[in-house]
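Where a number appears in this text, it was derived from the coordinates with a stated rule and is not lab data. These figures come from a predicted structure and were not determined experimentally. Virtual Cβ from ideal backbone geometry, glycine too; neighbours counted across all protein chains shown.
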Amino acid sequence: MQTERSEGRWISSEGWPVMALAGLLTIILTVVSLPLGAFALGLLFWLRFILRMPSRHMPDDKNLVLAPADGVILEVTKTSPEEMSDQTSTGSGDLPTRLTISTALTDAQLQRAPVAARVSDNFLIPGLFGRIDDIETARRDNERREITLETEVGDRFLVVQFGSNTARKLVCRHAPGKFLNAGAPLGMACIGGVIDLYVPSGYRVDAQVGQHLLAGETILANRKD
């Protein structure tokens, strides 16, 4: 069974400050030069497209893990004890699987909750805004926001937003304690961000490197029976 949420014509709340700044720039450039104003207007339409809340068909199954962001999977990796010692705990038992997702400048930027869960932690770690080509260096040096989600059965998921040369603002709209349905708006890495999603070992990950994702719609993993 699937449910559809019709949100596609609206700008996400995280996108409005960007749209307001772009609108002001368009007005100023139009006064200075009509060609520059036309260029800025095109930029405004592009921002309107990527900062929207797209309509999605969301699977109605609490055992599924949905894509938290539009984009392409760069890595699907079993984590190491050394890595998890520096990360928020994702529960006891075997180590989780890490999925790295890159959102392009042409993708919808809104990020969504991968599962129905409560926000148990949300904090920003200051850092650099370097290029994301070397993902290991970016994980070590770049600014990041870590968002921990805990399901009703105690499974813990970690979503890590990374800053980059294009993603200068990492946003999560929810404070700890907030319960989110699967596919609910979570936040945004403005613009063109990369995120890591840590999936607990109790889930079978079916996603593959190079797979293109739609946030809140593409299925990444299934809870094991």
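Using only Cα atoms, find the angle between the long axis of helix 34-50 and the longest principal axis of the chain, and express it within 0 to 90 degrees, rounded to the nearest 10.
Compared with the principal axis, the helix lies near 20 degrees.
Along the charge dipole of the chain, pointing to its positive end and built from +1/-1 on Cβ of Lys, Arg, Asp and Glu, which listed residue (PRO200, LEU66, LEU36) has its Cα farthest out?
Positive-most Cα among the choices belongs to LEU36.
How far is helix 16-32 tilted off the main Cα axis of the chain, in degrees rounded to 10, range 0 to 90?
20
Going by the alpha-carbon gyration tensor, a ≥ b ≥ c the square roots of its eigenvalues, is region 152-219 rounded (a/c under 1.5) or, if a/c is not under 1.5, prolate (a/b greater than b/c) versus oblate? Mind showing how you got there, number by number?
Values: a/c = 1.85, a/b = 1.17, b/c = 1.58.
Because a/c hits 1.5 or more and a/b fails to exceed b/c, region 152-219 counts as oblate.
What is the order of SER55, SER12, fewest Cβ neighbours within 10 Å to most?
Going from least to most buried by this count: SER55, SER12.
Test of understanding: extend the Cα→C-beta vector of LEU124 to 7 Å, then name every residue of region 144-159 with backbone N under 14 Å from that spot.
144-147
Compute the length gained on full extension between ARG168 and ASP94: take 0.36 nm times their separation in residues and subtract their Cα-Cα distance, giving the result in nm to one decimal.
Stretched fully, the ARG168-ASP94 segment lengthens by 23.3 nm.
Within a 10 angstrom radius of the beta carbon, how do VAL205, VAL194 rank from fewest other beta carbons to most?
The fewest-first ordering by Cβ neighbours comes to VAL205, VAL194.
Per the Debye formula with a single identical scatterer at each Cα and no solvent contribution, what log10 I(q)/I(0) holds for the chain at q = 0.15 Å⁻¹?
Cα-only, vacuum Debye calculation for the chain: -0.95.
Between HIS57 and ALA104, what is the label-to-label distance in nm when each label sits 7 Å out along the Cα-to-Cβ direction?
2.3
Once phi is turned into θ = phi - 60°, what whole-Hz ³J(HN,Hα) does the Karplus curve with 6.51, -1.76 and 1.60 give for every residue of region 111-117, x standing for Gly and Pro?
Per-residue couplings from phi come out as 9, 10, 5, x, 9, 6, 6 Hz.
Spelling out what I want: for every residue of region 123-139, take phi, set θ = phi - 60°, compute 6.51 cos²θ - 1.76 cosθ + 1.60 (Karplus), and round to whole Hz; glycine and proline get x.
8, 9, 10, x, x, 8, 10, x, 5, 9, 4, 9, 5, 5, 5, 5, 4
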